[in-house]
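A.B. asks: Here it is: the structure, laid out below.
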Amino acid sequence: MISVILPAAGTGTRAGFSANKVLLPYLGLPVLCYSLSAFSREDVDEILVPCAEKDERTVRALLSPFPKARPVRGGATRFESVFSALKEAQGKIVLVHDAARPFVTKQLIDNCLQSVLRFGSGICSLPAEDTIVFCEEGKILSAPPRETLRSVQTPQGFRREPLLRAFSLAAAEGRQFTDESGVYAAYIGQPVLFPGSRSNRKLTHREDFLPAERVGIGADTHAFGAPRDFITLAGVRIPAKSGLVAHSDGDVLVHALMDALLSAAGLRDIGFYFPDTDVRFAGADSMELLGRTLSFIKTEQLVPQNISLCILAETPRLSPYIEPMKQALSEALSLPLSAIGIAAGTNEKLGYVGEGKGITVLCAAMLRRCAKEAT
């Protein structure tokens, strides 16, 4: 038999919630339901969900579509919750998975089980990407070699009897551990690692519950007719028979981009923030306005992830300037060139674009959440 333990007795304190975070919705479904669904498979015999007494009614309701799942009384700590479930588990193999890790895949579960069958344990982990240091009173004492470090995830799998023995010994000594691999290593032996996944992330903080990506669309049009022999796109000066008529510098590409960014962030359009009736923006450098727009979206804890621009222009010929435009936007947006797409085309002589009377730019922008800066 295979038993699965999904600890769900937390309080949501680190996320700043007044309720248990695994009972809250993520993309329309309670967080706990994702893990329940992932582990409700033919080779799993039971799913034990340690929960707090105050949450038991809610948990039972969520478990009703999953016949293999049942609640057990959780404890004040993760260690106590898992120990409580271990005592009731019937399986010879036990998998423990954070209920707050909703993105676990069938492949990770299979790899965990295979590791347990072969080695007696299986710990999902990733190589450490950042330098980790030992510190004391705000000062670095030492930094272990990064290649020897791993970031531990779940699921973590074990044969039940050795794991239960380890928990019993730890409890008798009054010791607490933050995960099962630590208990096993302290009393049984060295647990075996298997490769995890970056997508198998844990929902820990409030921002983790916000939509990961936001999409916005922007469009702008400017007519030819300004008394100059160039136009400006993405801050790049391009020779032309006349300039684009505008209150600012007429950078129609940047204006479409700004509107896409603001739209993705759920903010007002550029006419609201930079009205053409305001003398302060007469002849303004649109790349500077783009910088101010980025500060607006950053206050929403958002930054650009990638953008796609389509320029409709019969004249001038733009292909020699695509790469300089991408380079300018790459620097302004702090994005790699590969995250910026610019396509330019004519309108086959049709309409105001085809007649060479103006330029239209369409833009799609995707934003991602960024960590809140410390103050």
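Read-outs throughout are calculated quantities, based only on the coordinates presented, and are distinct from any laboratory measurement. Everything numeric in this text was worked out from a predicted model, so none of it was measured. Here Cβ is always computed from backbone atoms with ideal geometry, including for glycine, and neighbour counts include all displayed protein chains.
A.B. asks: For segment 49-100, which trypsin sites (Lys or Arg not before Pro) are in a loop by DSSP, counting at most 15 other Cβ atoms within 10 Å?
C.D. replies: Of the trypsin sites (Lys or Arg not before Pro), the ones in loops of segment 49-100 whose Cβ has at most 15 other Cβ atoms within 10 Å are 92.
A.B. asks: Positive end of the charge dipole of the chain (Lys, Arg +1 and Asp, Glu -1 on Cβ, about the Cα centre): tell me which of 363, 336, 94 has its Cα farthest that way.
C.D. replies: Checked the options; the winner is 94.
A.B. asks: A follow-up question, please. First measure r as the distance between the Cβ atoms of residue 76 and residue 331, then evaluate 1/(1 + (r/R0)^6) with R0 = 51 Å and state the FRET efficiency to the nearest 0.05.
C.D. replies: Calculated value: 0.50.
A.B. asks: Cα to Cα, under 19 Å, and not fewer than 8 places away if on the same chain: which lysines meet these conditions relative to residue 68?
C.D. replies: Those lysines meeting the cut-off are 87, 92, 106.
A.B. asks: Which whole-Hz ³J(HN,Hα) couplings does segment 236-243 yield from phi under the Karplus relation 6.51 cos²θ - 1.76 cosθ + 1.60, θ = phi - 60°, glycine and proline marked x?
C.D. replies: Ordered by residue, 3J(HN,Hα) equals 8, 7, 10, x, 7, 5, 8, x Hz.
A.B. asks: Quick check on my link table: of 54/202; 202/298; 241/298; 21/298, which ones sit more than 31 Å apart, alpha carbon to alpha carbon?
C.D. replies: Going by Cα-Cα distance, 241/298 fall outside the 31 Å limit.
A.B. asks: Additional query: What distance in nm separates the two pseudo spin-label positions at residue 346 and residue 118, each 7 Å out from Cα along the beta-carbon direction?
C.D. replies: With each label point 7 Å from Cα toward Cβ, the separation is 6.2 nm.
A.B. asks: Please compute the net charge surrounding residue 303, taking Lys and Arg as +1 and Asp and Glu as -1 over other residues with Cβ under 9 Å from its Cβ.
C.D. replies: Net local charge, residue 303 excluded: +3.
A.B. asks: Based on alpha-carbon positions alone, could you give the equivalent ellipsoid semi-axes of segment 159-249 from the gyration tensor, as √(5λ), descending, whole Å?
C.D. replies: 68, 14, 11
A.B. asks: I would also like to ask the following. Return the long-range amide H neighbours of residue 233 (sequence gap of 5 or more, or a different chain), with a cut-off of under 5 Å between placed amide H atoms.
C.D. replies: Those qualifying (amide H under 5 Å, at least 5 residues apart or on another chain) are 238.
A.B. asks: Something else now. Name the most mobile residue of 116, 279, 254, meaning the one with the largest mean-square fluctuation, in a Gaussian network model of the chain with Cα contacts below 10 Å.
C.D. replies: Result: 279 has the largest fluctuation of those listed.
A.B. asks: Taking percent of Cα pairs over 36 Å apart as the quantity of interest, determine which of [x] 37; [y] 27; [z] 44 was computed from the displayed structure.
C.D. replies: Comparing each candidate, only [z] matches the computed number.
A.B. asks: Would you mind counting up the charge near residue 218? Only other residues with Cβ under 10 Å from its Cβ, with Lys and Arg at +1 and Asp and Glu at -1.
C.D. replies: With Lys, Arg at +1 and Asp, Glu at -1, the neighbours total -3.
A.B. asks: Which of the three applies to segment 2-204, rounded, prolate or oblate, going by the alpha-carbon gyration tensor with a ≥ b ≥ c and a/c under 1.5 meaning rounded?
C.D. replies: The shape class here is rounded.
A.B. asks: First select every other residue whose beta carbon is under 13 angstrom from the beta carbon of residue 268; then total the charges, Lys and Arg +1, Asp and Glu -1.
C.D. replies: Here the count lands on -3.
A.B. asks: Quick check of the Kirkwood formula: for segment 213-369, what is the inverse mean of 1/r over all pairs of different Cα atoms, in Å?
C.D. replies: About 15.5 Å, per the Kirkwood formula over Cα pairs.
A.B. asks: Could you work out the longest stretch of the chain that avoids the GluC sites (Glu not before Pro) located in DSSP loops with at most 15 other Cβ atoms within 10 Å?
C.D. replies: 174-347
A.B. asks: Mind checking the full-extension length gain between residue 198 and residue 217? Use 0.36 nm per residue of separation minus the Cα-Cα distance, one decimal, nm.
C.D. replies: Extra length from residue 198 to residue 217 when fully extended: 3.9 nm.
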